[in-house]
């Protein structure tokens with residue numbers, strides 16, 4: 001363990017003490033270049049949902065370092081810019097000190113190789129997701145020698161998707177508090193402002 005972590009003592013209490021320990025470990029291992037267990041979790045996150053955040057939090061316990069990669073899909077119309085989406089994810093993952101948020105363009109597998117990631121992480125909600133993701137995972141394995149790891153979405157988030165949430169807000173006549181069960185409240189409000197729904 002890095003010397004900084006060992007130097008932290010009983011003078012720190014509660015959450016501050018825990019965060020200081022985690023930051024010392026982060027600096028000692030990740031900033032010092034020792035970390036090599038790096039995974040990326042790519043997606044549009046337009047917007048980021050509680051389901052996404054659940055996957056990010058769980059994955060942060062599995063990998064030394066996790067990069068949430070906010071990408072661009074030319075097939076899909078974007079509600080928020082890449083920088084806006086990056087900021088949204090950052091606001092809700094700031095306490096996960098081994099998680100970093102970046103934007104990227106182009107093929108995910110090429111981006112992963114560029115930053116030295118060992119694994120592409122994907123969340124799976126159902127068998128439809130799995131069918132689609134298996135094809136992409138196989139292509140990434142062939143083209144980029146890149147492994148894909150699937151995490152099952154927690155039960156309460158199985159039917160949640162960014163597309164569905166956008167449709168709910170855009171069509172209108174919804175309860176903002178209920179939408180906040182699907183996305184954080186600040187993001188629900190940002191969606192309402194951007195899409196002009198009748199909440």
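Between residue 139 and residue 61, what is 0.36 nm times their sequence separation minus the Cα-Cα distance? Round to one decimal in nm.
Extra length from residue 139 to residue 61 when fully extended: 25.4 nm.
Could you put 52, 92, 131 in order, starting from the residue whose Cβ has the fewest other Cβ atoms within 10 Å?
Values: 52 24, 92 20, 131 10.
Going from least to most buried by this count: 131, 92, 52.
Percent relative contact order of the stretch 37-154, based on C-alpha pairs within less than 8 angstrom and at least six residues apart? Could you put the intermediate results ahead of the total?
Values: 181 pairs, mean separation 36.0, N = 118.
Normalised by residue count, the contact order of the stretch 37-154 is 31 percent.
Order of 54, 193 from fewest to most other C-beta atoms within 10 Å? Working shown, then result.
Details: 54 17, 193 11.
The order, fewest Cβ neighbours first, is 193, 54.
Any chance you could run the full-extension gain for residue 114 through residue 163? It's 0.36 nm times the residue separation minus the Cα-Cα distance, nm to one decimal. Before the final figure, lay out the partial values.
Details: separation 49, 0.36 × 49 = 17.64 nm, distance 2.93 nm.
Full extension of this stretch gives 14.7 nm more.
Between residue 78 and residue 105, what is the spin-label point distance in nm, taking each point 7 Å from the Cα along the Cα→C-beta axis?
Reported label-point gap for residue 78 and residue 105 is 0.9 nm.
How would you rank 146, 152, going from fewest to most other Cβ atoms within 10 Å of each one's own Cβ?
On the way: 146 20, 152 14.
Final ranking by Cβ density, sparse to dense: 152, 146.
Where a number appears in this text, it was derived from the coordinates with a stated rule and is not lab data. Given the structure is predicted, the values throughout are model-derived calculations rather than measurements. We place every Cβ from the backbone using ideal geometry, glycine too, and count neighbours over all the protein chains shown.
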